[in-house]
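The values are calculated or read from the model by the stated rules, or taken from the named source; none is laboratory data. Being a predicted model, the structure only gives us computed values, none of them experimental. Neighbour counts run over all protein chains shown; Cβ positions are idealised from the backbone, glycine included. Protein only, heavy atoms only, side chains kept; ligands, DNA and RNA dropped before computing areas. Shrake-Rupley method; radii C 1.70, N 1.55, O 1.52, S 1.80 Å.
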Amino acid sequence: MEGREEDVRLGANKFSEKQGLGTVAQDRDYKEPPPAPLFEPGELTSWSFYRAGIAEFIATFLFLYVSILTVMGYARAPNKCQTVGVQGIAWAFGGMIFALVYCTAGISGGHINPAVTLGLFLARKLSLTRAIFYMIMQCLGAICGAGVVKGFQPTPYQALGGGANYVHPGYTKGDGLGAEIVGTFVLVYTVFSATDAKRSARDSHVPILAPLPIGFAVFLVHLATIPVTGTGINPARSLGTAIIYNRHLNSWNDHWVFWVGPFIGAILAALYHQVIIRAIPFKSR
């Protein structure tokens with residue numbers, strides 16, 4: 001018993017009061033990483049630049065493929081109690097983001113969303129060249145993902161709405177815009193918090209766990225906003241389904257909501273994190 005009590009005493013005193021459990025560099029001096037240049041022409045000759053774009057294309061392609069098939073499976077069932085339900089759709093979107101961010105974070109950063117890319121660009125985490133390239137590849141990936149679903153199941157795809165986003169009956173465009181702004185704010189703010197360089201320097205487990213809260217944020221936002229807009233919060237996802245489906249008039253009439261809303265939400269999240277939470281503009285150089 002005496003030996004065991006000694007082990008407990010030593011274990012309790014193993015960490016100093018300055019360094020809490022689960023931290024590695026609590027008292028380490030932290031230096032803010034330099035902002036990415038606005039233009040970086042040298043990227044255009046680097047294979048890693050194009051590899052990252054391809055990763056964004058494939059990730060968005062897979063994201064659209066799995067998520068649209070899940071929505072179609074829900075819509076085609078005669079009895080909704082026999083389907084995955086709205087919760088299952090939310091899990092499909094959130095789970096795919098979790099998996100794809102985990103797979104691509106080390107290659108491209110795992111954006112898979114032009115709104116996320118815009119927010120990180122405003123925070124100077126990547127150059128304008130890379131941001132534009134990512135957005136183009138994300139949109140192309142979304143179009144191809146929706147196109148493959150339609151190619152495999154053309155009749156069900158057209159009959160079941162193709163997963164296209166629009167403001168649902170009973171809601172105004174203002175309601176839809178507000179839902180997209182707040183939903184994207186939640187997502188992009190979570191991305192900033194989960195990938196914060198200062199937290200990564202202090203807590204070694206943060207980079208490993210980053211995909212989990214990001215995917216969970218997507219899941220929760222879908223639960224809240226599927227009844228309103230079908231949940232966009234990703235302009236590439238909304239564009240891909242609108243182009244390939246191209247039958248529901250509202251999917252084009254309301255399409256601006258799914259660009260303006262997410263971009264406003266991303267801008268607000270970037271400002272909140274950089275100016276309020278991190279207070280970067282007020283730090284002495």
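Determine, from the Cβ-Cβ distance of HIS168 and TYR272 and an R0 of 25 Å, the FRET efficiency 1/(1 + (r/R0)^6), rounded to the nearest 0.05. List each step's numbers first, then the result.
Values: r = 28 Å, r/R0 = 1.14.
Step by step, r from the Cβ atoms, then E = 0.30.
Using a Förster distance of 30 Å, how high is the FRET efficiency between ILE132 and ASN250, based on the Cβ-Cβ distance and rounded to 0.05? Show your work: numbers first, answer last.
Values: r = 29 Å, r/R0 = 0.97.
According to the calculation, E is roughly 0.55.
For the ranges 57-64, 254-261, 72-79, what's the packing order if you count other beta-carbon atoms within 10 Å of each residue, average per peptide, and put the highest first?
Descending packing order for the listed peptides: 57-64, 254-261, 72-79.
State in Å² the accessible area per residue of the stretch 29-124; use a 1.4 Å probe, count heavy atoms of protein chains only, and round to the nearest integer.
With the other protein chains kept in place, the stretch 29-124 gives 50 Å² per residue.
Using a 1.4 angstrom probe on the protein heavy atoms only, could you order ASP196, ASP175 from most to least accessible area?
The ordering from most to least exposed comes out as ASP175, ASP196.
Output ³J(HN,Hα) for the stretch 175-185: one whole-Hz value per residue in order, computed from phi by the Karplus curve 6.51 cos²θ - 1.76 cosθ + 1.60 with θ = phi - 60°, and x for Gly and Pro.
Ordered by residue, 3J(HN,Hα) equals 4, x, 4, x, 5, 5, 5, 5, x, 5, 4 Hz.
Counting pairs of alpha carbon atoms under 8 Å apart in space and at least six apart in sequence, what relative contact order in percent does the stretch 89-135 give?
Once divided by the residue count of the stretch 89-135, the mean separation gives 24 percent.
Round to the nearest 10 and report in Å² the accessible area of SER48, as given by a 1.4 Å probe over the protein chains' heavy atoms.
The accessible area comes out at roughly 50 Å².
With every protein chain left in place and a probe of 1.4 Å, what is the accessible surface of CYS144, to the nearest 10 Å²?
CYS144 exposes around 60 Å² with every protein chain in place.
At a 1.4 Å probe radius, carbon and sulfur cover how many percent of the accessible area of the stretch 115-249?
So the carbon and sulfur contribution to the accessible surface is 70 percent.
Using just the C-alpha positions of the stretch 88-244 as equal point scatterers, what log10 of I(q)/I(0) does the Debye formula give at each q in 0.15, 0.18, 0.19, 0.21 1/Å?
-0.83, -1.16, -1.28, -1.48
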